[in-house]
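The values are calculated or read from the model by the stated rules, or taken from the named source; none is laboratory data. Every value quoted in this text rests on a predicted model; they were computed, and no experiment measured them. All Cβ positions, even for glycine, are placed from backbone atoms using ideal geometry, and neighbour counts span all protein chains on display. Please note that ligands, DNA and RNA were not included when accessible areas were found on the heavy atoms of the full protein model with its side chains. Shrake-Rupley method; radii C 1.70, N 1.55, O 1.52, S 1.80 Å.
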Amino acid sequence: MSVIHLKKEEFDKEVLECNVPVLVDFWAEWCGPCQMVAPVVDEIAEENPDIKVCKVNVDDQQELARQYHVMGIPTFMVFKDGKMVKRESRAMPKDEILALLK
């Protein structure tokens, strides 16, 4: 499955109402660490059809970033059954990102 780029209007449907685990990457185009992990996030989406992978551009979706108290990027959040269950704010290697989903 490919990465879904989210807007505020789609967040509830795509993330909170989803019946599979969702990895959300809060990022920005100007962020070096975000650009560094972007290919890894794409790989995770392609290699794991049992999860949904979404990205939220914090510059375009400032209200969502505020709502989820994103203070640094990249910030990864894992949602299960409509609730955020894990959160990490830093660039991470693939195995650590995948570990968030366990």
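How many Å² of accessible area per residue for segment 15-98, probe 1.4 Å?
For segment 15-98, the per-residue accessible area is 51 Å².
For the chain, take every pair of Cα atoms, bin their distances at 10 Å starting from 0, and report each bin as a whole percent.
All Cα pairs considered, the percentages come to 16, 56, 27, 0.
Give me the percent of accessible area attributable to carbon and sulfur for the chain, probe 1.4 angstrom.
Carbon plus sulfur share of accessible area: 52 percent.
If you count the DSSP beta bridges with both ends in segment 1-71, what percent of them are antiparallel, to the nearest 5?
Values: 0 of 8 bridges.
Roughly 0 percent of the DSSP beta bridges within segment 1-71 come out antiparallel.
Using the 4.7 Å Cβ rule, please list in number order the cysteines from the chain without any candidate partner.
So far as the 4.7 Å Cβ criterion goes, CYS18, CYS54 stand without a partner in the chain.
About the Cα centre of the chain, what is the dipole size in debye to 20, counting +1 per Lys and Arg Cβ and -1 per Asp and Glu Cβ, all else neutral?
Roughly 400 debye, rounded to the nearest 20.
Rounded to the nearest 500 deg cm²/dmol, what is the calculated helix-only ellipticity per residue at 222 nm for the chain, with -39500 (n - 2.57) per DSSP H run of length n ≥ 4?
-9000 deg cm²/dmol
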